[in-house]
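Trainee: The following block contains the structure, expressed as structure tokens.
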Amino acid sequence: MIEAALDTYFPKLAKMPELKKELIAISKINVFEQGTVILKQGAYVKVIPLVISGLAKVFKEEPTYGNEVLLYYIQPGESCIMSMTTLIHNTTSKVKAVVEEKSEIVLIPAHKALEIAKRYSKWNEFVYELFNLKFDELLNVIEVLTFSNKDIRLLDYLKKEAKLKSTTILQTTHQHIAYDLGSSREVISRLLKKLETEGYLKLAQGHITLLPA
């Protein structure tokens, strides 16, 4: 099953027979339910995740104020770049990762991932490409946080969620959105009502429907 997962979602890694064989030998597949924390902020990295189904989110916590900010998503065919950089520097994680949708994840023991990085250039190419991808996502987050109005930031978030989940009907709550965006439920409710009035979406209990532009 790991072989098929690598072939389908990580073809660049699978193209190198020696690397593929080693990944199959050292990895295992786990299923994680929605809401499972797969990386705690302040903890050492024990495994490197390769997501093959579902969706995970990476947050930055601010314990002083009790807020969290969504940094980026981990989709099938991707891993957590912060886990990799944290592992390389042997420090504790500055972020946390949470399963958004029930997910299947290939888990590589952290010490084995370090050994692989020393011996396989293809693995390092994968890490660099992922770093560039997530760096662009982080730049977008900074741009939205810094230069956009709160309603524009919220609409951008909803559109991204809809695209990732391949739906225009988001099963979510105002509190959940507030959690992702590091805001309060009251602020999110007010902004959602504003976006509804402007014709961007339709609100209902337990879900939000995005309307055609």
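The values are calculated or read from the model by the stated rules, or taken from the named source; none is laboratory data. Worth saying up front: this structure is predicted, and the values here are computed from it rather than measured. All Cβ positions, even for glycine, are placed from backbone atoms using ideal geometry, and neighbour counts span all protein chains on display.
Trainee: Is it fair to say LEU71 is over 19 Å from ALA110 (Cα atoms), assigned to a strand (DSSP E or B), among the aliphatic types (A, V, I, L, M) and touching a residue at least 24 places away in the same chain (Cβ under 8 Å)?
Mentor: Yes; evaluated as a whole, the condition is true for this residue.
Trainee: Could you please let me know if TYR128 is over 30 Å from THR8 (Cβ atoms) and of a type outside the set (Asp, Glu)?
Mentor: On the way: over 30 Å from THR8 (Cβ atoms): no; of a type outside the set (Asp, Glu): yes.
For TYR128, the condition - over 30 Å from THR8 (Cβ atoms) and of a type outside the set (Asp, Glu) - is not met.
Trainee: I'd like the full set of residues that are without any contact (Cβ under 8 Å) to a residue 60 or more places away in the chain and surrounded by 14 or more Cβ atoms within 10 Å (Cβ to Cβ), limited to the stretch 170-182. Lay out the reasoning, then the answer.
Mentor: Of all residues in the stretch 170-182, those without any contact (Cβ under 8 Å) to a residue 60 or more places away in the chain come to 170-178.
Passing the criteria: LEU170, THR172, THR173, HIS174, HIS176, ILE177, ALA178.
Trainee: Then there is this: For the stretch 161-168, does any single residue satisfy the condition of being assigned by TED's automatic domain parsing to the domain that holds TYR72, under 30 Å from LEU13 (Cα atoms), within 21 Å of the chain's Cα centre (by Cα) and exposed (fewer than 15 other Cβ atoms within 10 Å of the Cβ)?
Mentor: no
Trainee: Looking only at residues that are aliphatic (A, V, I, L, M) and touching a strand residue (DSSP E or B) at 6+ places or on another chain (Cβ under 9 Å) in the stretch 166-203, which one is nearest to VAL141 (Cα to Cα)?
Mentor: Only one residue tops the list, namely LEU181.
Trainee: What's the number of the condition PHE147 fails, among (1) in contact with a helix residue (DSSP H, G or I) (Cβ under 6 Å, 6 or more places away or on another chain); (2) at pLDDT below 85; (3) of a type in the set (Phe, Trp, Tyr)?
Mentor: Failing condition for PHE147: (1).
Trainee: Within the stretch 14-30, take every residue that is small (Gly, Ala, Ser) and under 16 Å from ILE52 (Cβ atoms) and give me the one that is farthest from the chain's Cα centre (by Cα).
Mentor: Here the residue is ALA14.
Trainee: Ok, one more. In the stretch 74-117, how many residues are assigned to a strand (DSSP E or B) and out of contact with any Asp or Glu (no Cβ under 8 Å at 6 or more places or on another chain)?
Mentor: Filtering the stretch 74-117 down to residues assigned to a strand (DSSP E or B) leaves 74, 79, 96-109.
Imposing the further condition that a residue be out of contact with any Asp or Glu (no Cβ under 8 Å at 6 or more places or on another chain) reduces the set to 74, 79, 97-98, 100-101, 103-109.
Number of matching residues: 13.
Trainee: Another question, then. If I filter the stretch 129-141 for residues that are in contact with a strand residue (DSSP E or B) (Cβ under 7 Å, 6 or more places away or on another chain), at pLDDT below 90 and in a loop (DSSP other than H, G, I, E, B), do I get at least one hit?
Mentor: no
Trainee: Can you go through LYS118, LYS122, LYS134, LYS112 and tell me which one is under 30 Å from LYS21 (Cα atoms), in the same structural domain as MET84 (by TED's automatic domain parsing), touching a Ser or Thr at 6+ places or on another chain (Cβ under 9 Å) and not hydrophobic (A, V, I, L, M, F, W, C)?
Mentor: Exactly one of LYS118, LYS122, LYS134, LYS112 is under 30 Å from LYS21 (Cα atoms), in the same structural domain as MET84 (by TED's automatic domain parsing), touching a Ser or Thr at 6+ places or on another chain (Cβ under 9 Å) and not hydrophobic (A, V, I, L, M, F, W, C), namely LYS112.
Trainee: So in the stretch 95-139, with the set limited to residues that are under 20 Å from GLU61 (Cα atoms) and surrounded by fewer than 13 Cβ atoms within 10 Å (Cβ to Cβ), which one is farthest from the chain's Cα centre (by Cα)?
Mentor: Among residues in the stretch 95-139 that are under 20 Å from GLU61 (Cα atoms) and surrounded by fewer than 13 Cβ atoms within 10 Å (Cβ to Cβ), the one farthest from the chain's Cα centre (by Cα) is LEU139.
Trainee: Right, here's the next one. Within the stretch 63-80, restricting attention to residues that are buried (at least 22 other Cβ atoms within 10 Å of the Cβ) and hydrophobic (A, V, I, L, M, F, W, C), which residue is farthest from LYS40 (Cα to Cα)?
Mentor: Filtering first and then ranking leaves ILE74.
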